[in-house]
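Please read the structure below before turning to the comments.
The values are calculated or read from the model by the stated rules, or taken from the named source; none is laboratory data. It should be emphasised that the depicted structure is a prediction, and the values quoted were computed from it without experimental measurement. Glycine also receives a Cβ, built like all others from the backbone with ideal geometry; neighbour counts cover every protein chain displayed. Ligands, DNA and RNA are stripped out before the accessible areas are found, and what is left, the full protein with its side chains, is counted by its heavy atoms. Shrake-Rupley method; radii C 1.70, N 1.55, O 1.52, S 1.80 Å.
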Amino acid sequence: IYRRNLMQNQMSHFNEYRERAALSNEQLMRACPAVFAERAHERTSERYAFIPTIQLVDGLRGAGWHPVSAKQANVRDVTRRGFQKHVVRFQHADAQKMVVLGDTTPELVLVNSHDSGSAYQLHAGLFRLACLNGLVVADKTLAKKSVRHSGDAVQLVIEGTYQIVDELPKVMESVRHWGSIVLTGEEQIAFARAALMLRYDSPEEAPVMADQLNRVRRSADTGSDLWSTGNRVQENLTKGGLRGRVVEGRRKGMRKVGSIGEDTRLNKALWSLAAEMQALKA
């Protein structure tokens, strides 16, 4: 069993490395058809300026940022399929030169939809190879760039890209600093408890206990520093898979966060929570 799990872990790293390579349009189409929408959804107004996401992808490619992952939201309304909210993550061609803390690289995160559900949003993101986590930086640290569906949206997104890139060193410095801040066991649980309340309204509603969010899934996250703690909590909180408490004879569990909007919200809130812990430790 140990050797099987070890092999699966090694293969997951291999597959993720392959997936982080620049995606072709054919690969993007398989992963996220909404990127290639040719018109807006019928529910949009006449003032809605339709600009297909693929134009933004091509514009970012020209600026040296290549798509490395993409997904779209699940929708029940069949008429919205191909128009729904979707997210594309980009990594720079020189990403290896931007690595910090061994396995973390900066990314750009583009969120869009063609059914008036979302404006073009551009966020700063981080990716950790060790745990295959995709993080999103909070607006308080680095303001997101939001562009309405009007005018020259492509050029505005490209300009927003340069603004975010100029501020990325500040983000990477935060990562380095958090890696040097040591948390006590009590502080780690306090961080996990606060994180749990970001997803659930009360401890009674949460299916798991706070200490479960602080459990280590892999050796790379065994540190007691703020960065390692934050990554453990982030992965357990958003990826789910934890066995929960028994309620009325049935065991509850924590599900994976599937919503693009909720995943982005939680990631940003966790980043802010880490910044608050940094301030408390200071």
* To do: Please calculate the 1.4 Å probe accessible area of residue 170, with all protein chains present, and give it to the nearest 10 Å².
  => 110
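Roughly how large, in nm² to one decimal, is the mean projection of the convex hull of the alpha-carbon atoms in the range 32-115? Provide the component values of the computation, followed by the final result.
Details: hull surface 25.5 nm².
For the range 32-115, the mean projected area of the Cα convex hull comes to 6.4 nm².
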* To do: With a/c under 1.5 counting as rounded, go ahead and sort the range 168-282 into rounded, prolate or oblate using the C-alpha gyration tensor (a ≥ b ≥ c being the square roots of the eigenvalues; past the cut-off, prolate if a/b is larger than b/c, else oblate).
  => prolate
* Asked: By how many nm would the segment from residue 272 to residue 170 grow when fully extended, if each residue of separation counts as 0.36 nm and the alpha-carbon distance is taken off?
  -> 35.3 nm
* How much accessible surface does residue 222 have with a 1.4 Å probe, in Å² rounded to 10? -> 90
* For the range 159-270, with +1 on Lys and Arg beta carbons and -1 on Asp and Glu, the positive-most of 267, 236, 172 along the dipole -> 236
* **In Å², nearest 10: area of residue 61 left accessible to a 1.4 Å probe** => 60
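From the protein chains alone at 1.4 Å, what is the descending order of accessible area for 189, 260, largest first?
Numbers: 189 45, 260 10 Å².
So the residues, ranked largest to smallest area, are 189, 260.
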* To do: Enter the accessible area per residue of the range 27-97 (Å², integer; probe 1.4 Å; all protein chains in place).
  => 57
